[in-house]
2 protein chains.
Amino acid sequence: MLDEEPENVALEVEEVHPADLADVAEALPKERVAEFLSALPAARAADVLEYLNDELRSDVLEAMSTRQAAELVTQMTPDDRADVLEALAEENEERAEEILEQIPREAREETERLLAYEPYSAGGLMTTEFVSVPEALTVEEALQRVRAMARAERREAMYTVYTTDEAGRLRGVLSLRELLAAPEGARIADLAWSEVVTVAPTAEQEEVARLTSNYGFVAVPVVDAERRLLGVVTVDDVIGVIEEEQTEDVQKLGGMEAIDEPYLAASFWTMIRKRVGWLAALFVGELFTATVMQQFEDELKVAVVLTLFIPLIVSSGGNSGSQATSLVIRAMALQEVRLRDWWKVARRELPTGLTLGVILGVIGVFRVLLWEWLGLWRPQPHYQLVALTVGIAVMGVVTFGSLAGSMLPFLLRRIGFDPASASAPFVATLVDVTGLAIYFLAAALVLRGTLL
Amino acid sequence: MLDEEPENVALEVEEVHPADLADVAEALPKERVAEFLSALPAARAADVLEYLNDELRSDVLEAMSTRQAAELVTQMTPDDRADVLEALAEENEERAEEILEQIPREAREETERLLAYEPYSAGGLMTTEFVSVPEALTVEEALQRVRAMARAERREAMYTVYTTDEAGRLRGVLSLRELLAAPEGARIADLAWSEVVTVAPTAEQEEVARLTSNYGFVAVPVVDAERRLLGVVTVDDVIGVIEEEQTEDVQKLGGMEAIDEPYLAASFWTMIRKRVGWLAALFVGELFTATVMQQFEDELKVAVVLTLFIPLIVSSGGNSGSQATSLVIRAMALQEVRLRDWWKVARRELPTGLTLGVILGVIGVFRVLLWEWLGLWRPQPHYQLVALTVGIAVMGVVTFGSLAGSMLPFLLRRIGFDPASASAPFVATLVDVTGLAIYFLAAALVLRGTLL
């Protein structure tokens with residue numbers, strides 16, 4: 001259709017949601033996307049642009065004439081406009097500057113103000129299109145303002161109405177529902193809630209997400225040190241933040257740096273760069289296992305049977321540590337557990353780890369006894385003692401793993417790192433080195449004078 | 001204050017958000033919470049009840065008189081009322097029944113209808129308090145209805161207005177903003193969008209969350225097979241779903257079953273039950289490492305130096321596998337990668353794994369050479385060949401780990417399991433067994449005729 005009747009495209013897709021049009025655009029050959037957007041009314045095209053992935057959007061804005069790109073970007077909401085230009089600037093700083101210059105003055109200055117904030121802060125997330133009314137107004141007057149704003153095609157934070165004093169300082173808040181429900185003639189000041197939860201523009205986006213989710217807000221107001229209202233963060237942006245943070249946490253838990261683009265869109269070298277750092281660090285850490293084993297070379301020579309259980313024992317510690325660390329990281333992310341709770345956590349993990357260790361230890365003991373009784377290996381002298389060694393080692397390693405895995409996130413947070421860096425592989429490496437020491441210690445105690 | 005002037009409590013906290021009052025209630029001694037709630041007006045107390053954690057809420061509802069509990073629960077929104085009774089029924093079925101019987105008939109029937117849906121489905125999440133108007137109305141008439149609903153203290157899905165035909169079937173949707181912006185006298189039918197994204201009541205909650213997040217909705221309508229509007233899922237519930245799903249994913253990635261209560265609230269035995277299953281399964285899987293090693297007992301006896309590098313080699317495979325699996329699981333959760341994309345992912349992971357493997361392999365080779373040159377261990381005959389064996393094995397194991405870690409989520413999904421069960425420990429166990437085989441194979445090839 002784009003080929004034969006481009007003038008009908010706009011009409012055909014009038015009822016289609018911009019997110020779906022963005023999917024259509026992403027399926028088109030790259031060089032035709034700009035053409036497709038040009039066939040739509042500017043406001044629609046701006047909506048579609050907002051839903052495109054960063055890479056394609058930047059390509060489209062580079063392919064269009066500066067004038068056309070500026071026109072589209074001007075139609076976007078202030079926060080999306082700033083985000084789009086920020087993403088474009090990363091690829092092509094010059095082009096982003098050119099487009100910004102072509103935006104009408106008022107919108108440009110607003111965009112420049114928003115661009116000055118850190119992208120991952122409340123200031124970077126907020127929109128400047130919100131409804132605030134002097135608290136002296138009546139309900140009907142306030143409702144008139146809201147309708148005027150709605151008619152002006154300003155689309156954003158409309159469902160919460162903020163009241164301000166003469167100096168423009170935030171005084172109260174009421175939901176659009178409360179405004180609609182209010183008796184006519186009432187004064188806004190009497191209706192509004194005076195305890196307003198606010199954030200500073202420098203607040204981290206996680207903090208904004210936590211407030212929204214805890215209180216069930218549709219919007220969080222951003223105020224400066226004098227409590228003047230700067231903007232509002234809306235719930236749709238918060239969902240984006242929550243998903244972004246979660247992606248980061250999962251990737252870190254997997255033992256790598258977070259990748260801020262879709263898996264299939266990330267380049268080969270991005271992938272290597274984000275993965276090799278931790279992998280190499282863990283590898284170097286794991287080299288200590290060879291050093292530990294070297295200390296016990298003589299024991300290993302006389303009792304090769306001990307070698308057979310090395311991977312089993314160290315991995316069971318890594319597994320229990322991985323469970324504990326993922327539990328604690330998630331509990332920290334949801335603020336169920338704080339730094340000062342480390343002792344409560346340790347007091348839970350010690351008995352839990354011990355119980356799990358005993359269960360696995362018993363399985364380990366049976367494995368050794370079974371192999372001997374069923375003749376599945378060459379008969380081992382002192383096989384009962386070998387079984388005992390394996391059981392004790394598994395118990396010790398699993399207990400240590402649970403404790404180390406649960407404490408590592410606390411330790412990292414304490415020294416100022418992201419607790420989510422306490423990845424499963426990190427814990428496993430830590431426990432591997434210690435686990436070997438525990439194993440050989442158990443062997444030395446149990447087998448001294450017999451096998452060793 | 002609760003002790004001295006209970007009648008003033010309501011007045012003092014009038015302006016405090018119910019989420020904060022819930023925090024206050026949680027800090028009180030358990031037996032005083034019911035008393036605290038009684039001091040508040042019923043509607044306020046119902047709001048606070050909604051924000052309490054499940055356990056405390058159930059306790060409070062058990063401590064109150066049935067009549068008082070029913071009065072509070074009646075004040076809640078229909079979806080929260082159903083959730084609260086569902087959670088209570090898990091602890092104390094009889095008590096939940098008693099309370100339900102005391103709720104006024106209309107609200108009771110509505111609650112029973114909602115309770116009939118699966119709790120993790122769209123039907124289980126939705127509220128039945130939404131605004132729908134016949135499409136024949138004018139803008140002013142529709143706005144009157146919205147205001148009437150707002151005045152009736154029905155607090156939920158108000159920001160989206162649905163239009164229906166004479167048979168009550170969903171025909172269109174418009175936002176409250178669009179309604180407020182509409183010219184007076186216009187007909188609703190002409191303004192509403194006719195392409196409405198809907199879900200069935202049986203739709204999984206993840207599906208609802210995905211739609212909300214992709215389209216930036218504040219509400220998703222739930223319709224039956226005849227497109228009659230049954231209810232609406234609101235964005236605050238969706239945020240809850242997203243956080244719940246993320247908690248599950250992180251815990252599964254850590255190698256355990258998901259726990260649906262806060263870490264510190266879960267009992268000791270819940271903790272053991274959710275962790276021991278996977279831990280024991282992985283332990284049994286890991287037992288195969290002993291079986292593999294048994295096959296190479298003779299080689300280990302003559303070349304103890306090989307033993308030193310076992311933990312190093314198997315863990316580097318587990319680490320690279322953990323990276324790959326967490327990348328793929330997250331990409332699947334965000335629907336960036338689908339089942340049919342497995343081949344694309346494999347084609348990326350093979351070269352990535354190989355590159356990472358070569359980098360780590362080189363570090364491994366240097367470690368062996370360095371120890372020999374610096375005299376940090378007993379001089380090893382054929383140390384260059386040992387270094388080569390370690391290098392080749394690390395390369396092979398890391399490549400295999402990346403490939404296995406990225407393919408396991410696809411395999412699990414293909415056979416009908418949750419791909420998030422492909423935990424870091426699961427992958428590590430898989431790679432440990434294979435990794436040992438790779439290592440001894442490399443040793444057999446390189447060292448045959450010299451050390452072996």
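Return the long-range amide H neighbours of residue B:171 (sequence gap of 5 or more, or a different chain), with a cut-off of under 5 Å between placed amide H atoms.
Answer set, sorted by chain and number: B:163, B:164, B:165.
Which Cβ of chain A lies nearest the axis of the rotation superposing A onto B, and at what whole-Å distance?
Residue and rounded Å distance to the axis: A:424, 2.
Going toward the positive end of the dipole of chain B, with +1 on Lys and Arg Cβ and -1 on Asp and Glu Cβ, which of B:427, B:445, B:123 do you reach last?
Of the options given, the answer is B:445.
Got a sec to turn the phi values of the stretch A:427-444 into Karplus ³J(HN,Hα) couplings, 6.51 cos²θ - 1.76 cosθ + 1.60 with θ = phi - 60°, whole Hz, x for Gly and Pro?
Couplings: 4, 4, 5, 4, 6, 4, 4, 5, x, 4, 4, 4, 4, 5, 5, 4, 4, 4 Hz.
State to the nearest 20 debye the size of the charge dipole of the protein assembly as shown about its Cα centre, where the only charges are +1 on K and R beta carbons and -1 on D and E beta carbons.
4880
About the Cα centre, and with charges only on the beta carbon of Lys, Arg (+1) and Asp, Glu (-1), how big is the dipole of the stretch B:6-116? Nearest 20 debye, please.
Values: 10 positive and 31 negative charges, 63 e Å.
My answer is approximately 300 debye.
Note the distances from residue B:148 to each other copy's matching label point, with points 7 Å along the Cα-to-beta-carbon direction, in nm, sorted shortest first.
3.0
Within a 10 angstrom radius of the beta carbon, how do A:278, A:269 rank from fewest other beta carbons to most? Intermediate results must be reported in sequence, preceding the final value.
Values: A:278 21, A:269 10.
Ordered from fewest to most neighbouring Cβ atoms within 10 Å, A:278, A:269 come out as A:269, A:278.
Amide H neighbours of residue B:233 under 5 Å, counting only residues 5+ apart in sequence or on other chains, H built in-plane at 1.01 Å?
Residues meeting the criterion, in which the H sits 1.01 Å from N, are B:127, B:220, B:222.
Sorting B:450, B:389, A:160, B:164 on the 10 Å Cβ count, fewest up front, what's the list?
Values: B:450 12, B:389 29, A:160 23, B:164 18.
Ordered from fewest to most neighbouring Cβ atoms within 10 Å, B:450, B:389, A:160, B:164 come out as B:450, B:164, A:160, B:389.
Roughly how crowded by other chains is peptide A:432-444, in terms of the mean Cβ count from those chains within 10 Å of each of its Cβ atoms?
Average neighbour count from other chains, rounded to a whole number: 1.
I want the antiparallel fraction of DSSP beta bridges within the protein assembly as shown, as a percent rounded to 5.
Working: 30 of 42 bridges.
Once the DSSP bridges in the protein assembly as shown are tallied, antiparallel ones form about 70 percent.
When each copy gets a label point 7 Å from Cα toward the beta-carbon at residue A:189, what are the spacings between them in nm, shortest first?
Ordered by distance, the counterparts are at 4.8 nm.
Kindly give Rg over Rh for chain B, based on alpha-carbon atoms, with the Kirkwood expression for the hydrodynamic radius.
We get a ratio of 1.14 for chain B.
Once phi is turned into θ = phi - 60°, what whole-Hz ³J(HN,Hα) does the Karplus curve with 6.51, -1.76 and 1.60 give for every residue of the stretch A:92-108, x standing for Gly and Pro?
8, 3, 4, 4, 4, 4, 4, 5, 4, 5, 8, 7, x, 3, 4, 5, 5
How many angstrom separate the Cα center of the stretch A:169-186 from the Cα center of the stretch B:176-215?
That distance is 25 Å.
Give me the log10 of I(q) over I(0) for the protein assembly as shown at q = 0.05 Å⁻¹, as the Debye formula computes it from C-alpha points; what are the numbers?
-0.35
Farthest toward the dipole's positive end in chain B, which of B:360, B:302, B:175, given Cβ charges of +1 (Lys, Arg) and -1 (Asp, Glu) about the Cα centre?
Positive-most Cα among the choices belongs to B:302.
Report, ordered by chain and residue number, the aspartates and glutamates lying within cross-link reach of residue B:301, taken as a straight Cα distance under 16 Å and ignoring same-chain residues fewer than 8 apart.
Reachable aspartates and glutamates: A:297, A:298, A:299.
Pop a pseudo-label 7 angstrom from the Cα along the beta-carbon direction at both residue B:97 and residue B:15 and give the gap in nm to one decimal.
Calculated label separation equals 4.8 nm.
Among the DSSP beta bridges whose two residues both lie in chain B, what percent are antiparallel, rounded to the nearest 5?
Numbers: 15 of 21 bridges.
Antiparallel bridges: around 70 percent, rounded to the nearest 5.
What are the distances, in nm and sorted shortest first, from the label point of residue B:200 to the label points of the same position in each other copy, with each label point placed 7 Å from Cα along the Cα-to-Cβ direction?
List, nearest first: 5.2 nm.
Please turn the phi angles of the stretch A:346-360 into ³J(HN,Hα) values with the Karplus equation 6.51 cos²θ - 1.76 cosθ + 1.60 (θ = phi - 60°), one per residue in order, whole Hz, x for glycine and proline.
For the stretch A:346-360, the Karplus-derived couplings read 4, 5, 8, 6, 4, x, 4, x, 5, 4, 4, x, 5, 4, 5 Hz, x marking Gly and Pro.
May I have the pair-distance distribution P(r) for the stretch A:125-238, computed from all Cα-Cα distances with 10 Å bins from 0 and rounded to whole percent?
15, 48, 32, 5, 0
Among A:305, A:218, rank each residue by its count of other Cβ atoms within 10 Å, from fewest to most, as a rough exposure measure. Let's see the in-between values first.
Values: A:305 24, A:218 21.
If I rank by nearby Cβ atoms, fewest first, I get A:218, A:305.
The numbers here are math on the coordinates, done by the rules we state, and not lab data. The structure presented is a predicted model; accordingly, all values stated were derived computationally and were not measured. Quick reminder, even Gly has a Cβ in these numbers, built from the backbone with ideal geometry, and neighbours come from all protein chains shown.
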